[in-house]
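The values are calculated or read from the model by the stated rules, or taken from the named source; none is laboratory data. All figures in this text were calculated on a predicted structure; none of them were measured in a lab. So basically every Cβ, Gly included, is an ideal-geometry build from the backbone, and we count neighbours across all protein chains shown. The accessibility values were calculated without ligands, DNA or RNA, using every heavy atom of the protein model including side chains. Shrake-Rupley method; radii C 1.70, N 1.55, O 1.52, S 1.80 Å.
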Amino acid sequence: RCIILIDSCHHELEACRIFRHGGPRRRGDECSDSLSVHQCRLVLGAASRARELGKPFNRFITILWERGGLSPQSATAATGRFIKLASDWLRLRGHPLCWTYVHEGGGKNGIHVHILLHVPPNLDSEFRPMPRQWVKRLLSGHYVRKSVLSKKIVGANTPDGALDELYRALLRVRLHYMLKAADPALLDLLDMQGWGRVQWGRQGRVFGKRAGRWQERRV
């Protein structure tokens, strides 16, 4: 039984091919203070679809753009460039990139982004240092310590699904954490009660696109 909510538009994505770009553009001067139900479903649908494609999200990356010196208005564009660097890196090694992200604003970290993506297991050790290198490049060499954090999600792609339950539980925690800027009333609507302990309803201003995922197109 699938325990991750599938995007309501999932049936339109059957027989699709992955490509790089991240959905409809949003003007950089537009802003929002919280996640909508549509954005939550976008992220949850991406997690479900990646798993169906055999590319379960197995790495969780957080980039603290404002701590690294970027303005809140520049952060979403920087995320787009980071995604392109990761996508190009994997494509050169024969793999498309499945990903989703959520931007957050406010608090001690300022504007930052949480990214879930899939890295083929045989490339994980080679990929591990890359997020920091890319962030250093995007910050023009003025890298601030701990402005990027990258963690592996244990249990994905194990033989015969030996750690499948562990992986799904860990992924639920990550998804719950990523969507904490949504209205707490959405927990029941999205069937996410018990997925994590962080309190929902946290608000913070984000300029530009707040949440996104890789797109697919029909063959």
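Tabulated data
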| read-out | value |
| --- | --- |
| Subset tally (residues that are surrounded by fewer than 22 Cβ atoms within 10 Å (Cβ to Cβ) and assigned to a loop (DSSP other than H, G, I, E, B)) for the stretch 108-133 | 6 |
| Residue that is most open to solvent (accessible area, probe 1.4 Å), among those in the stretch 176-189 that are of a type in the set (A, V, I, L, M) and farther than 23 Å from C31 by Cβ | L189 |
| Single residue of the stretch 172-193 satisfying the filter (assigned to a helix (DSSP H, G or I), farther than 22 Å from F60 by Cα and in contact (Cβ under 8 Å) with a residue 24 or more places away in the chain) that is farthest from the chain's Cα centre (by Cα) | L189 |
| Residue within the stretch 86-107 that is over 17 Å from the mean Cα position of the chain (by Cα), open to solvent by 10 Å² or more (accessible area, probe 1.4 Å) and within 21 Å of V43 (Cβ to Cβ) present | yes |
| Of the criteria (1) open to solvent by 40 Å² or more (accessible area, probe 1.4 Å); (2) under 14 Å from the mean Cα position of the chain (by Cα); (3) farther than 21 Å from D124 by Cβ, which one K152 fails | (3) |
| Any hit, the stretch 24-47, residues being surrounded by 16 or more Cβ atoms within 10 Å (Cβ to Cβ), part of a helix (DSSP H, G or I), at pLDDT 95 or above and touching a Cys at 6+ places or on another chain (Cβ under 8 Å) | yes |
| Filter result (modelled with pLDDT of 95 or more, acidic (D, E) and farther than 20 Å from A50 by Cα) within the stretch 66-115 | E104 |
| Pair list, Cβ under 7 Å, 6 or more apart: the stretch 195-219 residue at pLDDT below 95, other residue open to solvent by 100 Å² or more (accessible area, probe 1.4 Å) | E216/R17; R217/R17; V219/R17 |
| Counted residues, the stretch 151-203 - those being hydroxyl-bearing (S, T, Y) and under 23 Å from H112 (Cα atoms) | 1 |
| Subset of the stretch 39-83 (residues that are out of contact with any Lys or Arg (no Cβ under 9 Å at 6 or more places or on another chain), over 23 Å from F127 (Cα atoms) and aliphatic (A, V, I, L, M)) | L44, L70 |
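Conditions (1) among the small types (G, A, S); (2) surrounded by fewer than 15 Cβ atoms within 10 Å (Cβ to Cβ); (3) under 26 Å from F82 (Cβ atoms), marked per residue:
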{"residue": "V135", "(1), (2), (3)": "no, no, yes"}
{"residue": "K146", "(1), (2), (3)": "no, yes, yes"}
{"residue": "A156", "(1), (2), (3)": "yes, no, yes"}
{"residue": "P159", "(1), (2), (3)": "no, yes, no"}
{"residue": "E165", "(1), (2), (3)": "no, yes, no"}
{"residue": "R174", "(1), (2), (3)": "no, no, yes"}
{"residue": "D191", "(1), (2), (3)": "no, yes, no"}
{"residue": "R197", "(1), (2), (3)": "no, yes, no"}
{"residue": "F207", "(1), (2), (3)": "no, no, yes"}
